[in-house]
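The values are calculated or read from the model by the stated rules, or taken from the named source; none is laboratory data. Keep in mind that what you see is a predicted model, and the values were worked out from it rather than measured. Note that we place each Cβ from the backbone using ideal geometry, even for glycine, and neighbour counts take in every protein chain shown.
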Protein chains: 2
Amino acid sequence: MHDAGRSAAPLMSNPRADRVKEAAKLAGRSARLKTGRFLAEGPQAVREALVAHRAAVADGRPGVVVEAYATQACLDRLPELAELADQATLRLATDEVLAAMADTVSPQGIVAVCRIQSPSLDDVLATRPKLLAVMCEVRDPGNAGTILRAADSAGADAVILTASSVDIHNPKAVRSTVGSLFHLPVVSGVDFAELSSRLRTAGITILAADGYGSQDLDALQDSSALRRLAPVSGYLAQAPADAGPRLEDPTAWLFGNEAQGLAEDELAAADYRVAVPVYGQAESLNVGTAATVCLYASARAQNR
Amino acid sequence: MHDAGRSAAPLMSNPRADRVKEAAKLAGRSARLKTGRFLAEGPQAVREALVAHRAAVADGRPGVVVEAYATQACLDRLPELAELADQATLRLATDEVLAAMADTVSPQGIVAVCRIQSPSLDDVLATRPKLLAVMCEVRDPGNAGTILRAADSAGADAVILTASSVDIHNPKAVRSTVGSLFHLPVVSGVDFAELSSRLRTAGITILAADGYGSQDLDALQDSSALRRLAPVSGYLAQAPADAGPRLEDPTAWLFGNEAQGLAEDELAAADYRVAVPVYGQAESLNVGTAATVCLYASARAQNR
């Protein structure tokens, strides 16, 4: 039934139409700020946007997708997208229209204009989060995407970006999150001093991922594993009174700039500085790799 | 003294010189195959190449760097590069010459023509490796670089690429390894059937990183932590006879294609299929993220 409905809808074929130009403008920050919208490109990102949209509408929250545009060929290839899009406005468009809208050379037949979700720090803290990933001046869209994706995989409750970090809604960053952007709350533009004081008040341990940190992540994982796995063992009695942070406690990880690492004020605000051990000759870990290891260490300690 | 020597060397200023054209051709696979050379670009990669070169020459092995080219401005900014380059041939060149050689828009003032190191599988197995990272049809240069870098950080003994994987010496892949390419042996173009049989003969456990695997990486880490941390605990007695692989044993991890994952024959050749748990809504892990978590789990089990 809805198939017949869709094929009766007019095909968008004019790449110079206002609606097409407006979507294309979302590649720029000023248009995103002005409209509160951004563009998701390609089947994977649009699928996750549509799933998030459905859940939001079912919950009585504002929808995520304003309008999705797809070629008939794409819908024939991926009919589940047409199913998912029932509640959103899906319009058929030509390849030329999609190419004119998209930042990528080939958006693979589908894009969606989405509403920027902007939860506040208050919203996030009200959920009593156990695991947060904070990006402090992370500038590379690819790194930001990797960290957001790792946070999603590790089951983090939210991702927070300080004001000087990359705009997570720019097309390259959106692509590099591969749909994870729609899976968990992302708070942007946060002032760091405000953030650290709020985290402290909420009783959340702040851990700085820092190659020069005095706490060794492996040692913390060992302590945590012992508490969890061998609570009756005599080994625990050997632990010093302050053996460092407990990974199973509510935690916010701070991840720093790819070139400079965390700044002095960011390091100073942390309860502990934690180093991921480097076993080989690598000088340091890429921030995305370090974030993956840190977030998974916390997830393991908290979830099992 | 050597400063005086270098400033007396002729400045290369002709971007159309044969030597410049030959370096530029190394962006293509056929020139790399023909010459056995590749190009490292930028201070970080060239620094690691020069360090590896020095170590090789000191060991009586063939050098790594054939010739390095830098601008005077780059050497003024990073004088340690001039120090490191003593044993290699360092030539001064103009920005135009470097731009004509390099694949990147801005090679940041320094490039090096390097010899492709091609250790054999025999060479690697003769070192009795404890940890190997195997890329099976990993096609994206960025993913290959992330995996190589994670292998370096985790202290893996070597990285192996099967014949259908990306060429790790292509400019984008070299860049994405950020110097780790010079830190550990990389065996390329390996036939998978041959590889799996050789690994088996060498007594190395083959673990397939597979989202559908029946072994849970967290459970394996728990077992390993218990053996290591609480050997006298009664908890070990509860472990079933075949509790899966022991992460502390010599291990080769198989990482598959980014879209399809590991192929049937690759999965069949593995002793166990191991899944990295996904705690959030992410559909699956990026192969680079999964490799990081797997290699670090092994490193932790083997090194502490």
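The table for this structure:
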{"quantity": "Output for segment A:197-212, where each listed residue is crowded, with 21+ Cβ neighbours inside 10 Å and among the small types (Gly, Ala, Ser)", "calculated": "A:Ala208, A:Ala209"}
{"quantity": "Odd one out for B:Ala88 among (1) at pLDDT below 95; (2) within 24 Å of B:Ala297 (Cα to Cα)", "calculated": "(2)"}
{"quantity": "Tally, over segment B:71-105, of residues that are under 17 Å from B:Arg16 (Cα atoms), among the aliphatic types (A, V, I, L, M) and in contact (Cβ under 8 Å) with a residue 40 or more places away in the chain", "calculated": "7"}
{"quantity": "Sole residue being in contact with a helix residue (DSSP H, G or I) (Cβ under 9 Å, 6 or more places away or on another chain) and modelled with pLDDT of 95 or more, chosen from B:Ala102, B:Ala163, B:Ala133, B:Ala126", "calculated": "B:Ala133"}
{"quantity": "Any hit, segment A:153-160, residues being more than 10 Å from chain B (Cβ to nearest Cβ) and either buried (at least 23 other Cβ atoms within 10 Å of the Cβ) or in contact (Cβ under 8 Å) with a residue 60 or more places away in the chain (or both)", "calculated": "yes"}
{"quantity": "Single residue of segment A:260-272 satisfying the filter (more than 24 Å from A:Val124 (Cα to Cα) and touching a residue at least 24 places away in the same chain (Cβ under 8 Å)) that is farthest from the other protein chains (Cβ to nearest Cβ)", "calculated": "A:Ala263"}
{"quantity": "Test: residue in segment B:258-270 that is closer than 26 Å to A:Val278 by Cα and modelled with pLDDT under 90", "calculated": "yes"}
{"quantity": "Some residue of segment A:114-121 being under 16 Å from the mean Cα position of the chain (by Cα), over 30 Å from A:Thr201 (Cα atoms) and at pLDDT 95 or above", "calculated": "yes"}
{"quantity": "Sole residue being farther than 26 Å from B:Gly244 by Cβ, in contact with a Cys (Cβ under 8 Å, 6 or more places away or on another chain) and crowded, with 17+ Cβ neighbours inside 10 Å, chosen from B:Ser188, B:Ser165, B:Ser180, B:Ser176", "calculated": "B:Ser165"}
{"quantity": "Considering residues of segment A:227-237 that are part of a helix (DSSP H, G or I) and more than 7 Å from chain B (Cβ to nearest Cβ) only, the residue modelled with the lowest pLDDT", "calculated": "A:Ala237"}
{"quantity": "Residue count, segment B:71-82 (criterion: modelled with pLDDT of 90 or more and under 20 Å from A:Glu283 (Cβ atoms))", "calculated": "6"}
{"quantity": "Which listed residue is polar (S, T, N, Q) and in the same structural domain as B:Leu39 (by TED's automatic domain parsing), from B:Thr127, B:Thr162, B:Thr146, B:Thr104", "calculated": "B:Thr104"}
{"quantity": "Residue that is assigned by TED's automatic domain parsing to the domain that holds B:Leu11 and touching a Pro at 6+ places or on another chain (Cβ under 8 Å), where the choices are B:Ala85, B:Ala56", "calculated": "B:Ala56"}
{"quantity": "Meets criteria (more than 10 Å from chain B (Cβ to nearest Cβ) and either modelled with pLDDT under 95 or within 24 Å of A:Leu229 (Cα to Cα) (or both)) for A:Asp249", "calculated": "yes"}
